[in-house]
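*Asks:* I'd like to ask some things about the structure below.
Nothing in this text is a laboratory measurement; each read-out follows from the coordinates by a stated rule. Note that the coordinates shown come from a computational prediction; the quantities given were computed from them, not determined experimentally. FYI the Cβ positions are ideal-geometry reconstructions off the backbone, even for glycines, and counts take in every protein chain you see.
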Amino acid sequence: MSARWGSLPRMKQIDLFLMSDAAMREVIDMLDLDQLSMPVPAEWSRKPEPTLRDILAAHAYDEAWIPDVLAGKSKADGDRWTGDLLGDDPVTSYDELNDIAIEAMMSDKLTPEQIVHFQYGDYPLSEGLLHVSMYRAFQAWSVAHLVGLDYQLPDALVDMLWDQLVPRAEEFRSYGAFLPEVTVPEGSSKEVRLLGIAGYYVP
């Protein structure tokens, strides 16, 4: 396949999204309903006094929008995903939206050059996938750490994120996608060093 997705072959760029998305889902599927009322750091959400359910709702909304984003739609075309997307069974509701998003991502009609419309700007899909992938991966680790899960990002995902993100760390930091770098313990794993560079590591 001759098409290129950024600096990665097409299918590997899609794989980066799928691996990050799977990491987020794995963590969500390990949550107990009573944990959803836990408070989360204020910087995780624009809502006052956010809870873990608010974060899950934001991810459900993000997953719901994936097929529309891949189809070239934006908020200007209307927002059909208002209201409560989680209902009485939040994890199952999220999983159902995630299944639909994954199916859309597997379309053979996607091209690296097509433009996707995010709230903060328009990007080629190759770049857009990187944005949504880092969001999912770092949030997966952060949520797992918050609730005390024994969870590490898969090595293959860490390697792909490292190759794509570390060379552009200061660029992403200037956008606010990365936080101030955190010093990690000497001898830390590649995962922890990645989280430190991105500013997401919490001991």
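*Asks:* Using a 10 Å cut-off on Cβ atoms, rank the peptides 64-77, 106-119, 189-202, 13-26 from the highest mean neighbour count down. Each step should come with its number before you reach the end.
*Replies:* Numbers: 64-77: 15.7, 106-119: 12.7, 189-202: 18.6, 13-26: 21.3.
So the peptides 64-77, 106-119, 189-202, 13-26, ranked by packing, come out 13-26, 189-202, 64-77, 106-119.
*Asks:* For the range 133-185, with only Lys/Arg (+1) and Asp/Glu (-1) charged at the beta-carbon, what is the dipole magnitude about the Cα centre, in debye rounded to 20? Please list the in-between numbers first.
*Replies:* Details: 3 positive and 7 negative charges, 41 e Å.
Approximately 200 debye in magnitude.
*Asks:* Let me ask another. Kirkwood Rh and Cα-based Rg: tell me the resulting Rg over Rh for the range 4-150, rounded to two decimals. Before the final figure, lay out each step's value.
*Replies:* Details: Rg = 15.3 Å, Rh = 15.9 Å.
Here the Rg-to-Rh quotient is 0.96.
*Asks:* Could I have the simple spin-label model distance between ALA42 and ALA76, label points 7 Å from Cα toward Cβ, reported in nm to one decimal?
*Replies:* Distance between label points: 3.5 nm.
*Asks:* Here is a further query. How large is ³J(HN,Hα) for each residue in the range 31-48, as worked out from phi by the Karplus curve 6.51 cos²θ - 1.76 cosθ + 1.60 (θ = phi - 60°), to whole Hz, x for Gly and Pro?
*Replies:* In residue order, the calculated couplings are 7, 8, 4, 5, 6, 5, 8, 5, x, 10, x, 4, 6, 6, 8, 8, 6, x Hz.
*Asks:* Further question: Scan the chain and note any complete DSSP helix (H) whose C-alpha atoms cover at least 18 Å along its axis and whose Kyte-Doolittle average is 0.0 or more.
*Replies:* Working: long enough: 10-29 (28 Å, 0.08); 52-70 (27 Å, 0.33); 90-105 (22 Å, 0.04); 125-147 (33 Å, 0.65).
Answer set is 10-29, 52-70, 90-105, 125-147.
*Asks:* Any idea how far apart ALA169 and PHE118 come out in nm if each label point goes 7 Å out from Cα toward Cβ?
*Replies:* The two pseudo-label positions are separated by 2.0 nm.
*Asks:* Something else: Mind checking the full-extension length gain between SER188 and TYR151? Use 0.36 nm per residue of separation minus the Cα-Cα distance, one decimal, nm.
*Replies:* Working: separation 37, 0.36 × 37 = 13.32 nm, distance 1.54 nm.
Length gained between SER188 and TYR151: 11.8 nm.
*Asks:* Would you calculate a helix-derived [θ] at 222 nm for the chain, using -39,500 (n - 2.57) for each DSSP H run of n ≥ 4 and dividing by the full residue count, to the nearest 500? Before the final figure, lay out each step's value.
*Replies:* On the way: 7 runs with 105 residues, N = 203.
Rounded to the nearest 500, it is -17000 deg cm²/dmol.
*Asks:* Check which residues have an amide H placed less than 5 Å from PHE118's amide H, if you skip close sequence neighbours.
*Replies:* TYR123
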